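> This structure is in structure tokens; I'll ask about it shortly.
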Amino acid sequence: MTSRTHDAAPQVTPSGGVVLLDGPDGIALTFTVDAALELSDRLLDGAIEATGKHVDPRLGPPSDH
């Protein structure tokens with residue numbers, strides 16, 4: 001499996017009690033609501049950690065100001 005870094009977020013669509021993710025390179029994933037909520041938490045935690053900054057998610061992305 002090859003790994004690529006993407007700079008665009010996938011499209012996310014709620015549909016019939018599930019969440020559809022349409023990503024780059026034709027990837028398509030379907031998540032239960034619970035799995036989508038858990039994924040969103042993990043993505044946010046990972047992005048915050050990757051910035052190396054403390055971020056309050058209620059305030060939005062970190063600022064350099």
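> So which pairs qualify, if the first residue must be in region 40-65 and closer than 24 Å to residue 13 by Cα and at pLDDT below 65, the second must be surrounded by 11 or more Cβ atoms within 10 Å (Cβ to Cβ) and aliphatic (A, V, I, L, M), the Cβ gap must be under 9 Å, and the two must be at least 6 apart or on different chains?
Sorted first by the residue in region 40-65, then by its partner, the pairs are 57/44; 57/48; 61/47; 61/55.
> For region 11-39, which positions are modelled with pLDDT under 95 and not in a helix (DSSP H, G or I)?
Answer for region 11-39, where residues must be modelled with pLDDT under 95 and not in a helix (DSSP H, G or I): 23, 27.
> Just to be sure I understand the filter: pairs with C-beta atoms under 9 Å, separated by 6 or more residues or on different chains, first member in region 16-28 and over 19 Å from residue 38 (Cα atoms), second member assigned to a strand (DSSP E or B). Which pairs pass?
Note: pairs meeting the criteria are 27/21.
The values are calculated or read from the model by the stated rules, or taken from the named source; none is laboratory data. Predicted model only: the values in this text are computed from it and were never measured. Every residue, glycine as well, gets a Cβ built from its backbone with ideal geometry; the counts of neighbours run over all protein chains shown.
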